[in-house]
Each structure stands twice: as C-alpha cells, then as structure tokens.
Amino acid sequence: MRVVRMGPLSAEVELGDLTVIALSDGETAMPLTHLRAPDGAALTEAELARADVVGGKLRLPVRAFLVKGPAGCLMIDTGAADAWHPVLGRLGEAMLEAGVAVQDVTAVALTHTHVDHLSGLVDADGGLRFPNAARVFVATEELADFRADARMAPVLARLMPLEQGDGPMRGVVAINAPGHSPGHMAFLVDGRLLIWGDIVHHAAVQFARPEVTWVFDTYQPQARATREALMARAVEQGLVVAGAHLPDPGIGRISALAQGYAFHPLELG
Ligand SMILES: [Zn+2]
C-alpha cells in the first residue's frame with residue numbers, strides 16, 4: 001500500500017487496482033465531556049492530559065472515503081454538508097483537490113446514519129449530490145432512521161439494505177461494527193484497509209485507552225467491545241485503518257502497546 005498523493009484536504013492510497021481517497025469535510029471541535037470513562041463519568045483533567053484540544057474543546061476532523069476501481073467509484077460516507085457545524089461541508093472542495101467529480105460516484109455506502117455521515121447525499125437545495133450513484137447502501141438496522149429523515153427523501157428510490165458480507169463494490173466487503181449506532185458498519189477494502197467509520201472519535205485518547213467511549217455511542221459497552229476487537233484485529237492481521245474522525249490524513253497503522261494501542265498516520269511515499 002502506497003500513499004501516492006497528499007494535499008491539505010485529501011490523501012490518496014493505492015491498493016492493487018483500487019485507489020482509496022480520504023476526503024476531508026473540514027474540522028470542528030466538541031466539548032471535553034464527550035469522552036466518557038467506563039463508569040459513564042466525564043474524564044478528569046489528568047485523563048485528558050494527552051487530548052488534542054483546540055480552543056478548550058476536543059478536535060474533531062470529519063471525513064469521507066472514496067474507493068475508485070475498474071467497476072466504478074464508491075463513496076463511503078458523505079460528510080455533514082450544511083446540516084451541522086458551519087465549518088464543515090468541505091467535501092466538494094476536497095473532491096476538487098483530488099480531481100474527482102460528483103458525477104464519477106457510482107454508488108454510496110454509509111457507515112451509519114448520523115448527521116455528519118449522511119447529510120452530504122443531498123445538496124442544500126434538495127438536489128441529489130451524486131446523480132450517478134445508482135445505489136445507496138445503508139445497514140438494515142438503520143433503514144428506518146434513514147427513511148424518517150426528511151432531507152433524504154430524494155434518495156429513497158436508490159436505497160439498498162446492507163448486511164455483513166455484502167460487497168457494495170468489487171473488492172469492498174461490509175463488516176458489522178455495532179455500538180456507536182445499531183447498524184454501524186466498517187468496510188474492508190482489498191482485504192487490507194479497514195474503513196471503520198466512528199470506531200474512534202478522539203485518537204489522542206482512545207487508542208491508548210480503547211475503553212473510553214464517546215457520549216454519542218448509542219450502546220456504550222458494545223461500542224467499547226467493538227473498538228477493542230477491531231483494534232486487536234487490525235494489529236493481528238496487519239490492517240491499515242481509515243476513520244471518519246481520525247487525524248490527518250485519516251489513514252494509518254496501529255501498533256499494540258503494553259496497555260492499549262498507538263496510531264501512526266500514513267506519510268507520503
Ligand atoms: Zn461521526
């Protein structure tokens with residue numbers, strides 16, 4: 001696996017005949033109290049010593065990932081568009097930087113249906129952002145949430161249920177990774193790059209302490225168990241991981257420490 005290009009908003013990795021492009025939707029920040037100890041309490045000042053804090057808050061980058069191959073272009077997540085924090089919604093800029101047009105996207109798959117992952121499917125004016133994306137894959141468990149979101153009305157005719165083992169594109173396999181949300185999915189690309197959605201929200205704390213959860217993890221114990229299992233699997237199988245909220249460029253390797261793990265962002269070359 002080789003990083004072939006890196007820009008301020010995008011990074012491109014080659015895996016055989018597939019290319020994965022990390023696309024930044026921008027960066028926001030969330031309250032320190034969003035990180036939670038196993039007993040549900042907010043972390044103490046000492047526990048937050050290693051946190052990546054900007055303006056008194058936890059730095060939160062937001063990303064989507066594009067998988068380009070001979071069979072088409074699969075967009076995994078779509079950013080927040082205009083639906084959440086105004087500093088977000090930069091996916092279009094990132095695509096421009098990466099030389100990808102919205103018309104190039106032939107399918108979309110969501111890791112889950114939270115606002116910073118699905119909103120970019122639809123423009124502010126209600127138009128389809130990716131007009132040639134014939135199918136939009138959403139985990140069976142989250143179809144009802146998706147359908148209930150009025151913004152998503154223009155997408156409903158393209159909706160496809162997604163189950164573990166499904167391949168939304170050749171070379172990409174869906175893997176159940178529940179806890180953050182009921183149907184949260186990860187995607188294994190070419191058997192070696194795991195695009196894992198919201199398994200980690202704050203890398204500076206959660207790799208060293210995978211037991212720390214995020215306040216919006218729907219099922220905290222399950223989210224914790226899934227995070228621990230996927231980190232262990234990544235180390236064991238030598239998988240590179242990519243995440244919606246991982247630090248630049250959003251893709252990296254994991255190593256095991258005496259306690260917990262360390263994240264090593266990929267570098268150019
Ligand atoms: Zn998220």
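The set of residues from region 111-130 being more than 16 Å from the ligand (Cβ to nearest atom), crowded, with 18+ Cβ neighbours inside 10 Å and within 15 Å of residue 83 (Cα to Cα) comprises 122, 129. Looking across region 184-209 at every residue that is among the β-branched types (Val, Ile, Thr) and over 12 Å from the mean Cα position of the chain (by Cα), the one that is nearest to the ligand (Cβ to nearest atom) is identified as 205.
Each residue in region 28-41 was checked for being surrounded by 13 or more Cβ atoms within 10 Å (Cβ to Cβ) and modelled with pLDDT under 95, and 0 of them qualify.
Quick grid of which residues meet (1) within 16 Å of the ligand (Cβ to nearest atom); (2) closer than 20 Å to residue 197 by Cβ; (3) surrounded by fewer than 17 Cβ atoms within 10 Å (Cβ to Cβ):
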site: 7; (1), (2), (3): no, no, yes
site: 16; (1), (2), (3): no, no, yes
site: 26; (1), (2), (3): yes, yes, no
site: 43; (1), (2), (3): no, no, no
site: 50; (1), (2), (3): no, no, yes
site: 66; (1), (2), (3): no, yes, no
site: 83; (1), (2), (3): yes, yes, no
site: 89; (1), (2), (3): yes, yes, no
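The numbered conditions (1) more than 16 Å from the ligand (Cβ to nearest atom); (2) out of contact with any Leu (no Cβ under 8 Å at 6 or more places or on another chain) are all true for residue 98 except (2).
Screening residue 158 against (1) of a type in the set (Lys, Arg); (2) within 14 Å of the ligand (Cβ to nearest atom); (3) farther than 24 Å from residue 219 by Cβ leaves a single unmet condition, (2). Applying a threshold of 8 Å to beta carbon distances and a minimum spacing of six or more residues, or different chains, the list of pairs starting in region 89-102 at a residue that is free of Cβ contacts under 8 Å to residues at least 40 places away in the same chain and ending at one that is part of a helix (DSSP H, G or I) and of a type outside the set (Gly, Ala, Ser) reads 92/102; 101/95; 102/95.
For region 222-242, the criterion of being within 16 Å of the ligand (Cβ to nearest atom), under 16 Å from the mean Cα position of the chain (by Cα) and closer than 16 Å to residue 75 by Cα is met by at least one residue.
Here 174, 139, 133, 157 are screened, and the one residue that is more than 17 Å from residue 63 (Cα to Cα) and either surrounded by fewer than 18 Cβ atoms within 10 Å (Cβ to Cβ) or among the charged types (D, E, K, R) (or both) is 157. Would you mention how many residues in region 234-269 are crowded, with 19+ Cβ neighbours inside 10 Å, of a type outside the set (A, V, I, L, M, F, W, C) and touching a helix residue (DSSP H, G or I) at 6+ places or on another chain (Cβ under 9 Å)? Total satisfying the criteria: 4.
Here residue 125 qualifies as of a type outside the set (Gly, Ala, Ser) and without any contact (Cβ under 8 Å) to a residue 24 or more places away in the chain.
The values are calculated or read from the model by the stated rules, or taken from the named source; none is laboratory data. Computed from a predicted model, the values in this text were never measured in an experiment. With ideal geometry, Cβ positions are generated from the backbone for all residues, glycine too; neighbour counts draw on all protein chains shown.
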